């Protein structure tokens, strides 16, 4: 099992909850400072933090898997460093790429997707790196499936939901929260407007249309037209 599940740290859980619900995600677990949402493909977690925390507004790249030990074994066998660790929230697998990027694979709390989530919406986890081809190899080693590739962008589908994307950057980091939509972006924009959420409107990009939506505390997210 492999499912995309980035973590959004925020001091405004209510604001993010309103935005995610308008996008078509469904809350599948509320544990106070940790709230999980299903999209039609992939999952998002909100982690509550204080407004003066350095983590406020940051997005953490992450995935969920079924069997932690087996995931670690297969990843190492395919050539990527992975080790079982005791994280603050429990056992997880820490994956370390050759470019220095690290992320956690957590055990999935539920393998199924909520039937009430918008089936056209997919969560995108973004890895920014100067070494696109190297990062792409690492994602293949964790079980992601190549979908499209160019010299500066490579993306992958995953078996249990969500898109993993590698984008060229001068620095190695996780990108912000993003989505793909296999549907009418203009209709999605209207749905957001009806919920009182501002969108910057549709813009043309090399790979298709992109909708930029205002998020809490001056942030923004993007929703790209699915290929």
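Figures for the structure shown
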| item | result |
| --- | --- |
| GNM flexibility winner over the chain from 186, 92, 215 (Cα, springs under 10 Å) | 186 |
| The stretch 30-94: mean projected area of Cα convex hull, nm² | 5.9 |
| Shape of the stretch 80-178, Cα gyration tensor, a/c cut at 1.5 | oblate |
| Projected-area average for the stretch 97-146 over all orientations - Cα convex hull basis, square nanometres | 4.7 |
| Fully extended contour minus Cα-Cα distance, from residue 152 to residue 34, at 0.36 nm per residue | 39.1 nm |
| Principal-axis tilt of helix 68-77 within the chain, Cα atoms, nearest 10 degrees | 60 |
| Highest-MSF residue in the chain out of 98, 159, 107 [GNM, Cα springs under 10 Å] | 98 |
| Between helix 13-23 and the chain: long-axis angle, C-alpha atoms, 0 to 90°, nearest 10 | 80 |
| In nm, spacing of pseudo-spin labels at residue 77 and residue 98 (7 Å Cα→C-beta vector) | 2.1 |
| Calculated over the stretch 10-139: convex hull of Cα atoms, volume per residue (Å³) | 126 |
| Mean Cα-pair separation over length for the chain, i.e. relative contact order, pairs under 8 Å, 6 or more apart, % | 21 |
| Acute angle (nearest 10 degrees) that the helix 132-141 long axis makes with the longest principal axis of the chain, alpha-carbon atoms | 70 |
| Cα-Cα separations in the stretch 64-105 greater than 16 Å, expressed as whole percent | 29 |
| Measure of compaction for the stretch 149-227 (Cα Rg per 2.2 N^0.38 Å) | 1.18 |
| For the chain, built as a Gaussian network whose Cα springs stay under 10 Å, the top-fluctuating residue of 66, 79, 90 | 90 |
| Helix-only CD estimate at 222 nm, as mean residue ellipticity for the chain, using -39500 (n - 2.57) per DSSP H run (n ≥ 4) | -5500 deg cm²/dmol |
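Throughout, read-outs are computed from the coordinates displayed, never taken from laboratory work. In this text the structure is predicted, and so the values were computed from the model without any measurement. For neighbour counting, all protein chains shown are included, and Cβ atoms are generated from backbone atoms with ideal geometry for every residue, glycine included.
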